[in-house]
Amino acid sequence: MTETRKIEMTVNGVRHQLEIETRVTLADCLRHHLGLTGTHLGCEHGVCGACTILVDGQAARSCLMLAVQADGAAIATVEGLAGDDGTLHPLQQAFHDNHGLQCGFCTPGMLMTLVEFLESNPDPSETEVREALSGNLCRCTGYQGIVAAALDAAQRMRAQAVGLS
Amino acid sequence: MTESFIGARIGRFEDRALLTGQGQYLDDIHMAGMLEMAFVRSPHPHALIRGIDAGKALALPGVHAVYSHADLAAVLTADRIPQDKGGAKFPDTTWPVVLPKDETCFVGEPVAAVVAESRYIAEDAAALVEVDYEPLQPAADCRDAAAPGAPKVHLEAKDNIVAEIRADYGDCTAAFAAADHVFAISLKQHRGAAHSIEGRGIIASYSAVGDEMTVWASVQTPHKLRNGLMELFGVDESGVRVIVPDVGGAFGGKNVIYPEDVMVAVAARLLERPVKWVEDRREHFLAAVQERDQYWDLEIACDGEGRIQGVRGKIIHDQGAYTMMGLHTPHNSAIAVPGPYVVPNYRIDVVVTETNKVGCVPIRGAGYPEACFAMERLLDEIARGLDLDRAEVRRRNLIPADQMPYEHPMKTREGTPTIYDTGDFPACQVQALETADYAGFATRQARARSEGRYLGIGVSNMVKVTGRGPFESGVVRVGRSGRVSIYTGAMEMGQGTKTSLAQICAEHLGVPPGEITVVAGDTGAVLHGIGGYGSRQTVTGGSSVHLAAIEVRDKALKVAAHTLEVSERDLELKDGEARVKGAPELSMSLADIAKALSGAKGYSLPKEVTPWLQSCVNFRPPDVTYANAAHVVEVEVDIGTGGVRILRYVMANDSGRLINPTLAEGQLVGGTVHGIGNTLFEWMGYDENAQPVTTTLADYLLPTAAEVPNFEIIHVEHPSTLNPLGVKGIGEAGTVPVAGAVISAIEHALEPFGVRIAEAPISPGRLIELIAAGKQGS
Amino acid sequence: MKPPPFHYHDPRSLDQALALLASRDNAKLLAGGQSLMPMLNMRFAQPDDIIDLNRIEELSFVRHTEGGRIEIGAMTRQRELADAAVIHDRCPLMCEALRHVGHRATRNRGTIGGSLCHLDPAAELPVVAMALDATVHVQSRRGARTLAMAEFPAFYMTPAIEPDEIVTKISFEPWPAGHGAAFVEFARRHGDFAVVAVAVLLELGGDGAIHRASVVLGGVGPGPLRCAAVEAAVTGSRGGSAFQEAAATCGEIDAMEDVHASSAYRRHLAEVLTHRALDTAFTRAGGERAS
């Protein structure tokens, strides 16, 4: 029994139309059907957070959604964070500058979680950052560099926002 | 004076791809015609396999094959997985099988492999394979399994004992008889699995043209996998190439050859199509190696001042159903107890016993965390018994700095003398204590107590063997483009190995480290190598690259001096060229030198140089080198819930000379949080029938950002004398002392209730039990 | 860990969903997916049909009725609840509980209906619903009916609804302004399901004594557990030792045991956390401790 559906979604601003088996998760769809392998699968039961993406601007575990549920949605993944000219997003730059990643496997989920978090809380405390990251597991860093990067990025983004206004 | 790259806080060159989603991990690799594998796994801890019916599975559209033990002989020379045995002797029955013939020995053991168009279909089909099991009695608890007459893990085995290890020196009997005080403890220790966020994974592709197998695998030791597959398929080095893509963490879990690895290769060979298998998290829980259980009975003897006279005891070590990688963990536990302390007399006996659970091998720390915890618990016993300050007891027993290098009476795993080459253990502790304001703790504790809060402080010291040989390969090559490349058997699994090696190489070749290509983890690029484990890579691989870069530099200068008709002494390598100091217009580019040495016409070469601008060095350290550390941790225990909060964590760590302090800090913090997981959160549960009961990340708890503090790190740098860089290992250094310090701090906080802790991990529920028992007892 | 094959349906209206549900033997309703999707990925759930409720807009709302009740559509996401002004203003208990529910990424998807129907013994929202004496509204093609939250849990992780029924909303009467609420839990890690959780609502009379109390525990039994003994013991009191004695009645609870916590530990936590929650709620109600 292979049941498929035609769906359409926008990923990082690019419209995709595809026919996909209804049971395929959104994570697998992004990774294996659209070739966007920056979104990673670490547990496939919604705990590790590595597969976190933005669905219509809100963070979600892409292992806990079916691809068909994203029909019509706007998806943002780690591949869309840097500028078209390759300039890193302030979060990406801060992760580099603060040694916020080691093996890099959890990193895309960390970044996408923080994108949403810093939008809603541009000036967080360290405790708030730690709580915001508590749904994303990292086995390498001990989180210190990630927390430092988040706070650093928040500061950069606030400075950027001031510069723009 | 040119800037030094060694010791510089350089940002990692690995980062950009990983931050932008352009990393290439195993599961990111797609190939035309690729099939995917799923496994039929045993639901029983121990059972006979009476038959396997794959009819329904094979009938499912999209399914290409179902393999079981009967299919192996067609392509493999053996049905057990090869490994370097060293001098150790084990019963044949403990040798890991590719697929079991007729007896399965742990829950999750692969019994059959399914190959299909997609992982989805492969899992559908795996559920349709009918296996006729006859359940047998399992051996669950290692203490029971070690006893005579216990149910056997393998029916054909004589018993469940894999090995008995003795570590001893001096005369314990006399020392204990003469001692002023003797204290005894019994400890239960448990460590979980590796749980890299990326699971294991492998792709194999076979070409009948040339009879060549190419394997991509997320492993720590590609050469070991290559060697194993060579042996199994009966080919030589040209027949199998293993390439390691980006690795999403490893921690010991990707350091053995697994049945799944072999089966992917078998399927690729039989089907002549690329085959992929990616471990999912449940498979990691069921079938990836763990470190698991040890039970310790220990005694320590000391004089009236708390100076250790002897340590003796017994360990029962849970080895699991198969010996996947020798006896490293139990052996390390047996010999590592004295650590940084003077222990004049010693004897530990270990019984390594099988159980019907997945095999145990070293996970980050490799038996050292258990040994350190045991020693630190014993020292706390002395402090309590003699009413001494815990840090003072340690100070009295630490090996004094003036005795370095210190020849420890303990023999290494290889039977050679244990020599701590450099370090100042007492000074390390002093620095950690001062930074943590140990002296002011009593005031903080009293103030908190007046508010009804319970604070405690703990200190522990450790020594960790690092830089294990026998060698690591390091090739430094300058191509005809002038591009410098490093090829090594050392591995990048997140540590920043590539950046570190580039820094070491750049130091000598006058090119920015960011412009150096590092190829790590390709058996086609370097014929032999060892890989990433045991805090060894900077010591061994770093030294090889260091020496190779020097040779390349010298050769380049020789050629340039010859061409420019100047003295080598007047030349320097800078910005990709050899130039005359003070007259930079007189220069020869590395590219031209490389061309001259690779057969380009029109160059004249000095007589004594050999062709190629390349050097291959396989640095063989004369001995292992030892990192050491002192950890001090302050905790608060909620006596209502048993919850433990870490208020402050300070470590003074000596890993010799640091190549990149930022990366070193990343290793230390990550390692320490792994230790916190092992101490407060992680528990791989099995029930009394050896059924695993914690098989999701919601049940097996890894620490998150919210549970850990910021760590304060003091770098102490006593360069090793055993390698040209003066470096010592660091990857496991953070993990080893954590349980010792944290448990001591918890016990200290709960002193008013007389709580004594003899186990790790410790859960809030267990603490509440101990508090209740203490209240009753008082 | 990939979902097994199933037929997927995404009805646009409740009627369509009810019709589908009535016509299928082995269907599962997909709400926020934060519990069902892991079960599918692990193949613990193997339905023939998945009926996805995410496109039924009529099931997503938070509103204040004219009768003074608060109604929450079953497909209202936990994130929306936390952001809703009416919840913030009138139901501080739910706000506080929501901070403990998973993580932002799971709250963005997870729904109140999903939480109630999954009925994890340690989940926060069923405890809150019970503490509020919420009414659960269910519907099938056969008609609509309501259940008191107290009757909603049938047994372990199973609500007392028929296979053809869908929970459409919950409703409750908010406690009057000035009441004191506290949601206290102990979880091993931030965002985990509680080992034990307790919800307390207190209302003081003009004399400063408690004249109405609601105390519900999660994580001790198969469903949320109303602690009538605690409620009785605190009613009429002004905190202090009365709370300690009241909380001590939790020692009688027949708490469940699993790999994470013993029965004794859960009982102990119930007592400690109830005491803490009573203290907090009492202070929030403006209560002054009897000395």
task: Filter region B:515-540 down to residues that are touching a helix residue (DSSP H, G or I) at 6+ places or on another chain (Cβ under 7 Å), more than 23 Å from B:GLY228 (Cα to Cα) and open to solvent by 30 Å² or more (accessible area, probe 1.4 Å), then give me how many there are.
output: 1
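Open to solvent by less than 30 Å² (accessible area, probe 1.4 Å), away from chain C (no Cβ under 11 Å) and farther than 20 Å from B:GLU707 by Cβ - does that describe any residue in region A:122-133?
For region A:122-133, residues open to solvent by less than 30 Å² (accessible area, probe 1.4 Å), away from chain C (no Cβ under 11 Å) and farther than 20 Å from B:GLU707 by Cβ: absent.
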statement: Among strands (runs of 3 or more DSSP E) entirely inside region C:144-230, those with 1 or more residues being within 14 Å of chain B (Cβ to nearest Cβ) are C:180-186, C:196-204
statement: Selection from region B:674-686 of residues open to solvent by 10 Å² or more (accessible area, probe 1.4 Å) and at the interface with another protein chain (Cβ under 8 Å from one of its Cβ atoms) yields B:PHE681
field: When residues of region B:702-737 are limited to those that are in contact with a Leu (Cβ under 9 Å, 6 or more places away or on another chain) and of a type in the set (Val, Ile, Thr), the one farthest from the other protein chains (Cβ to nearest Cβ)
entry: B:VAL727
message: If I filter region B:647-670 for residues that are open to solvent by 10 Å² or more (accessible area, probe 1.4 Å), assigned to a strand (DSSP E or B) and more than 30 Å from B:ALA145 (Cβ to Cβ), do I get at least one hit?
response: yes
- prompt: On the given criteria, is B:ILE243 open to solvent by 10 Å² or more (accessible area, probe 1.4 Å) and closer than 28 Å to B:ALA288 by Cβ?
  reply: yes
message: Condition first: crowded, with 22+ Cβ neighbours inside 10 Å and either within 26 Å of C:ILE56 (Cβ to Cβ) or among the charged types (D, E, K, R) (or both). Now tell me which residues in region C:169-187 satisfy that.
response: C:LYS169, C:ILE170, C:GLU185
query: Looking only at region C:251-275, which residues are assigned to a helix (DSSP H, G or I), more than 7 Å from chain B (Cβ to nearest Cβ) and touching a residue at least 40 places away in the same chain (Cβ under 8 Å)?
result: C:ARG266, C:ARG267, C:ALA270, C:LEU273, C:THR274
task: Give the number of residues within region B:468-507 that are under 21 Å from B:VAL242 (Cβ atoms) and within 14 Å of chain A (Cβ to nearest Cβ).
output: 7
field: Residue within region C:213-225 that is out of contact with any Leu (no Cβ under 9 Å at 6 or more places or on another chain), of a type in the set (A, V, I, L, M) and open to solvent by 10 Å² or more (accessible area, probe 1.4 Å) present
entry: no
message: Which residue is nearest to B:ILE81 (Cα to Cα), if the candidates are limited to region B:208-232 and must be open to solvent by 30 Å² or more (accessible area, probe 1.4 Å) and touching a residue at least 12 places away in the same chain (Cβ under 8 Å)?
response: B:GLU231
field: Residue tally, condition free of Cβ contacts under 8 Å to residues at least 60 places away in the same chain, of a type in the set (Lys, Arg) and not in a loop (DSSP other than H, G, I, E, B), over region B:743-778
entry: 1
query: Tell me, which strands (runs of 3 or more DSSP E) wholly within region A:6-115 include 2 or more residues that are open to solvent by less than 10 Å² (accessible area, probe 1.4 Å), out of contact with any Asp or Glu (no Cβ under 8 Å at 6 or more places or on another chain) and not assigned by TED's automatic domain parsing to the domain that holds A:MET157?
result: A:52-55, A:58-61
query: Quick one: which of B:GLY599, B:GLY671, B:GLY640 is among the small types (Gly, Ala, Ser), over 30 Å from B:ALA140 (Cβ atoms) and within 13 Å of chain A (Cβ to nearest Cβ)?
result: B:GLY671
statement: Of the residues in region C:271-291, those that are within 23 Å of the chain's Cα centre (by Cα) and either open to solvent by 60 Å² or more (accessible area, probe 1.4 Å) or of a type in the set (Lys, Arg) (or both) come to C:GLU271, C:ARG276, C:ARG284
query: Being under 18 Å from the mean Cα position of the chain (by Cα) and farther than 16 Å from C:LEU93 by Cα, is that true of even one residue in region C:262-270?
result: yes
statement: Per the filter on region B:705-714, residues open to solvent by less than 40 Å² (accessible area, probe 1.4 Å), closer than 20 Å to B:ALA741 by Cβ and either at pLDDT below 95 or aliphatic (A, V, I, L, M) (or both) are B:VAL708, B:ILE714
field: Filtered residues of region B:715-739 (kept if open to solvent by less than 50 Å² (accessible area, probe 1.4 Å) and either polar (S, T, N, Q) or more than 29 Å from B:GLU291 (Cα to Cα) (or both))
entry: B:VAL716, B:SER720, B:LEU722, B:ASN723, B:LEU725, B:GLY726, B:THR735
query: Condition test on B:GLY320, is it assigned by TED's automatic domain parsing to the domain that holds B:VAL351, assigned to a loop (DSSP other than H, G, I, E, B) and either open to solvent by less than 10 Å² (accessible area, probe 1.4 Å) or in contact with an Asp or Glu (Cβ under 7 Å, 6 or more places away or on another chain) (or both)?
result: yes
- prompt: For region B:12-43, how many residues are open to solvent by less than 40 Å² (accessible area, probe 1.4 Å) and part of a loop (DSSP other than H, G, I, E, B)?
  reply: 9
- request: State yes or no: is C:SER237 assigned to a loop (DSSP other than H, G, I, E, B), in the same structural domain as C:ALA194 (by TED's automatic domain parsing) and hydroxyl-bearing (Ser, Thr, Tyr)?
  value: yes
field: Residue check for B:ARG9: outside the structural domain of B:MET324 (by TED's automatic domain parsing), open to solvent by 80 Å² or more (accessible area, probe 1.4 Å), outside any loop (DSSP other than H, G, I, E, B) and not acidic (Asp, Glu)
entry: no
query: Are any residues in region B:189-212 closer than 28 Å to B:PRO692 by Cα and of a type in the set (Asp, Glu), and if so, which ones?
result: B:GLU198
task: With respect to A:LEU151, determine if the residue is in a loop (DSSP other than H, G, I, E, B) and open to solvent by less than 60 Å² (accessible area, probe 1.4 Å).
output: no
query: Mind checking which pairs have a first residue in region C:128-148 that is open to solvent by less than 10 Å² (accessible area, probe 1.4 Å) and a second that is of a type in the set (Gly, Ala, Ser), Cβ under 6 Å, 6 or more apart or different chains?
result: C:VAL128/C:ALA97; C:VAL128/C:ALA199; C:ALA131/C:ALA199; C:ALA131/C:SER214
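The values are calculated or read from the model by the stated rules, or taken from the named source; none is laboratory data. For clarity, every value in this text was computed on a predicted model and none was experimentally measured. FYI the Cβ positions are ideal-geometry reconstructions off the backbone, even for glycines, and counts take in every protein chain you see. The area values use the complete protein model at the heavy-atom level, side chains included, leaving out ligands, DNA and RNA. Shrake-Rupley method; radii C 1.70, N 1.55, O 1.52, S 1.80 Å.
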